[in-house]
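Some notes on the structure that comes next.
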Amino acid sequence: MADTIDEANALAEQHLERSLRAARQPIAVGAPGECEECGEDMPRLVNGRCAPCRDGSRQ
Ligand SMILES: [Zn+2]
């Protein structure tokens with residue numbers, strides 16, 4: 001069980017690090033529209049790309 005908890009903690013730390021890094025970036029101005037990468041109509045695009053495309057979470 002300890003290994004599972006360690007893994008969960010590691011994941012949480014990675015997520016926190018990413019959040020902190022993102023928070024230090026200037027906030028990009030978003031605009032609704034069609035994503036240039038996946039073609040989906042999204043409420044917020046930055047540089048023409050939706051959030052899943054920008055952060056690489058889209059499978
Ligand atoms: Zn997209």
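Under a 5 Å amide H cut-off, with hydrogens placed 1.01 Å from N, G33 pairs with M42, R44, L45 among residues at least 5 apart or on other chains. What angle, in degrees between 0 and 90 and rounded to the nearest 10, separates the Cα long axis of helix 2-24 from the longest principal axis of the Cα atoms of the chain? Approximately 40 degrees, to the nearest ten. The Kirkwood radius of the chain, taken over pairs of alpha-carbon atoms, gives through the Stokes-Einstein law at 4 °C and 1.567 mPa s a diffusion coefficient of 97 µm² s⁻¹.
For the chain, relative contact order (Cα pairs under 8 Å, six or more residues apart, normalised by length) works out to 20 percent.
Less than 5 angstrom separates the built amide H of R49 from those of E36, all sequence-distant by 5 or more or on a different chain.
None of the figures in this text is laboratory data; all of them are computed from the coordinates on show. Note that the structure is a prediction, hence the values are computed from the model and not measured.
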